[in-house]
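To start, the structure itself, in C-alpha cells.
The values are calculated or read from the model by the stated rules, or taken from the named source; none is laboratory data. Computed from a predicted model, the values in this text were never measured in an experiment. Reconstructed Cβ throughout: ideal geometry from the backbone, glycine too, with neighbour counts over all protein chains shown. Accessible surface is based on the protein model in full, side chains and every heavy atom, while ligands, DNA and RNA are left aside. Shrake-Rupley method; radii C 1.70, N 1.55, O 1.52, S 1.80 Å.
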Amino acid sequence: MRLDLSSQIVLNKISSKFYNPTTPVERYEITRMEKIPTDIFPSVVEGARHIAAQIAAKIIERQQEGKSLVLGMGTGTSLVPVCEELVRMHHEEKLSFKNVVLFNAYEYYPNTKNSKIKSINQLSERLLKHIDIRPENVFTPDGSLSQDEVQKHCRQYEQEIERHGGIDIMLLGIGRNGNIATNLPGSTMTSNSRIILIEPTTREEMTLSFGSHEQVPPCSITIGVKNILAARRIYLTAWGEEKAEIIQKTVEGHITDQLPASFLQTHNNAHVVTDIAAAGKLTRIEHPWLVTSCKWTDRLVRSALVWLCQTTKKPILKLTNKDYNENGLSELLALYGSAYNANIKIFNDLQHTITGWPGGKPDADDTYRPERAWPYPKRVVIFSPHPDDDVISMGGTLRRLVEQGHDVHVAYQTSGNIAVGDEEVTRFMHFINGFNQLFADSKDQVITKKYNEIKEFLIQKHEGDLDTADILTIKGLIRRGEARTASTYNSIPLDHIHFLDLPFYESGKIEKNPMGEKDVRIVQTLLQELRPHQIYVAGDLADPHGTHKKCTDAVFAAIDEEKNNGAEWLKDCRIWMYRGAWAEWEIENIEMCVPMSPEELRRKRNAILKHQSQMESAPFLGNDERLFWQRAEDRNRATAQLYDDLGLACYEAMEAFKEYVPL
C-alpha cells in the first residue's frame, strides 16, 4: 500500500535535469543563482537517505581511524526522517554509534531535572534510545539552571565541544522565520551559545511537540551561529511546501541577520538538502527559463507568461515582442512566431479554467470546459480533513454543486477534537447540567456524575495535560454539531454527512500518529459505497500541523488501492484538489476556477461562522492573526484580482482547483 503519494506530486512536471543535473557544467548553469550548494530529491525519503549515508560514511571512516565523530543536532521535525534512516541503518546494516559524540543544539528554558518538556527527550525518542551511542557521549544544555548560572554554563558547553575536537557534522532544520537551532532573527554571525527568548512564529512551530501553545517554554539555551559555522560540515534540511519561501531566501537571497540561516552562505562546506516541494521557489524550479534553455510544456509556458505579466505589470494580451526579449523569453517567440500567438494561446488556456458549473454543465459543449457535462447529476464526495475545511476551502463551490442538483456528500476525516478550547466544553456542560435540572429534576445520575467528573478534571487540569477520553469525545461532538449545522445551511442532507474519525488523529496531542492502512481502509469503504463521479480533496500540503497531508495521503492511497483492484467507478471519476486557509494554488497550476458573486461570498462566510468553536477562541489559528473566514475571503478575492490583472475576467472572488490524476 502506497501511503505517501502526495509527496510524488510535482505540479509543474519538473524535468529531472533541474533537480538532478548529470554533468558539472549542467549543474553550474542551473544553480548559478544559488549561494549554498543545494541537493534536491524527488521525495523526503530519498533526501533523508542521502544525509544519513553521508553521516554513516563519516562514522565508519572515523571508526577505522580509531577516532570519534562529533555530531551536532537540532530536534526539529524536519530531522525526523534522517533519524529514522539512521535507526534503520543501525538495526539492518549494523551501523554502530559507539564512537559518536553528540551535542544537542538547543534546550528549552526553564525546565526541571525531571521535566518532560526537553528537546533532549525528543532527540532520545527519535534517535538515541534506538541506537548504541554511549550515554556519556551525549551532551545537552541544562535548562534547569538559574539565570545567573546560564552564561557560565554556555561557556562550559562550548569548551566541551572544543575538548572533543569541534563538531564534525552539524545537522539542522530551518524554522519558518529562518532560524537555525534557536538563533532567531536578529542573531549575529558572531553570536555564541546563550539564552534567547522564543518569538511567536517559533513558538507556533514548537506546538507540534507539545500539548498547547502555552506549554512551550518562553526561552531556549542555544548554541550560537558562531558555533554552528565552526562545524566542519553542515547539513540544513527542509521538506514540504511550507518551507519553500524560506529556503529560497536562504539559498538565493542576501546575507542578513534577519534570516540567520543565510549565514551558511559564508561556510565552505554547508549543504542544503530538500525535496522538490521545499525547493519549489528556487529559480531553477520556479523560473527555469532564467537559468537555462527549457523544454516548453503548456504548463511551463503558462507559468512564464504569468510571471512576465507580473514583471511588466501588463495583462496578457498587451505583452509585446520587446517584453519577451527583454525578460529572457525570446525562446517563446521562436516557438510561437510572435508575442501575439503566445498571448492568445495562454489567454485562452486560462480563460477556459473559469466555470460557473463545477460539476459540469449538462447539454453543453464541454470541449473547453474543465469538467465534463455528463453524467448528470453527479455523485460528489468532498473530503474535509477537519470539520470546517470544506466550507473554508470550497464553500462557494460546495453550495453551487448542491444548487445545481448534484448529489453531494461531505466526509469529515478527523474529529478535530484537539482544536476545541476547554471553555467550549465548560459551556456545553453547563447547558447539559441545566437541561438535566430543568427537565429531569436532576434525577439522571449518569449526567450528574459525568458532569461532576469533567468539572473536577478541568479545575485540576494543568497546561500540557492530555484530555480524558470523555472530554475528547465532547469536543468531537461539539465539532460534529457545528459541521451538521453548516451542512444544513448549505442544504446537504444529514444522511450525506460522514464522520470518518480516522484513527491516526486520535493521539490526544498536536503531533499525530502515522497514517496507516486502517485509515486508508475507512476511506476506501466509503468510496466503494458511494462510487462517486467527482472527488474533492485537500491539496493544501503546507498545513503546518501536517493533518491535511495525512488526510490527503489516505484518500490517494484508497484511490490507488481501488485502481489496482480495477474499480469500474474510478474510470468515470475526476479528482479535484482544493487549498485551504494556509495557501492558494499558483495560477499556472489552476485547472478549474469557480467565481463567486458578493452574495455567494457572504453565504460562504455564514457557513464558516457556523463553526463557532473555531472563531476567536480556536487554539490553532497559527501565526496569522486573521480568522479563518477572513483568510478565506482575502485568498478568494486575491485569486479574482489576479485573473482581473491578467485581463481575463472581473469577479468578486474565486475558488481554485487542480486536478489530480492517480499515479
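Annotations
- Packing-based ranking of 147-159, 600-612 yields 600-612, 147-159, ordered from highest to lowest mean Cβ neighbour count within 10 Å.
- Equivalent ellipsoid dimensions for the range 54-96 as semi-axes, Å, which come from the Cα gyration tensor, largest first: 20, 14, 6
- Per residue, in Å², the accessible surface of the range 63-149 once ligands and nucleic acids are set aside, probe 1.4 Å: 48 Å²
- Here the scattering of the range 271-425 is modelled by Debye summation over its C-alpha atoms, one equal scatterer each and no solvent; at q = 0.14, 0.15, 0.21 Å⁻¹ the log10 of I(q)/I(0) is -0.93, -0.97, -1.16.
- Each DSSP beta bridge with both residues in the chain is either parallel or antiparallel, and the antiparallel ones are about 30%.
- Over all directions, the projected convex hull of the C-alpha atoms in the range 240-281 averages 2.8 nm² in area.
- By definition, a body whose alpha carbon gyration tensor gives a ≥ b ≥ c is oblate when a/c is 1.5 or more and a/b is not larger than b/c, and the range 139-255 fits this oblate description.
- Taking the convex hull of Cα positions in the chain, its mean projected area over all directions (nm²): 32.6 nm²
- Cα shape, the range 99-204, gyration tensor, a/c 1.5 rule: rounded
- Rg and Dmax [Cα atoms of the range 175-317; Å; Rg one decimal, Dmax integer]: 18.3, 57
- Accessible surface of the chain [probe 1.4 Å, protein heavy atoms]: carbon and sulfur percent: 51 percent
- Shape of the range 75-133, Cα gyration tensor, a/c cut at 1.5: prolate
- The range 22-143 - Rg (one decimal) and Dmax (whole number), Cα, Å: 16.9, 55
- Using θ = phi - 60° in the Karplus curve 6.51 cos²θ - 1.76 cosθ + 1.60, the 3J(HN,Hα) couplings for the range 19-28 round to 10, 9, x, 8, 10, x, 5, 4, 5, 4 Hz; x is entered for Gly and Pro.
- Residues in the range 273-290 carry Karplus couplings, in order, of 10, 9, 8, 4, 4, 6, 8, x, 9, 5, 4, 5, 9, 7, 10, x, 5, 7 Hz; the curve used is 6.51 cos²θ - 1.76 cosθ + 1.60 with θ = phi - 60°, and Gly or Pro positions show x.
- Here the range 4-47 and the range 92-112 have alpha carbon centers that stand 30 Å from each other.
- When the pairs 58/512; 449/509; 249/314; 94/116; 512/658; 35/118 are compared against a 29 Å limit on Cα-Cα distance, 58/512; 94/116; 35/118 fall above it.
- Residues 263, 41, sorted by accessible area with the largest first, give 41, 263 [1.4 Å probe; ligands and nucleic acids excluded].
- A helix-only calculation puts the chain at -12500 deg cm²/dmol for mean residue ellipticity at 222 nm, using -39500 (n - 2.57) for each DSSP H run of at least four residues, averaged over all residues.
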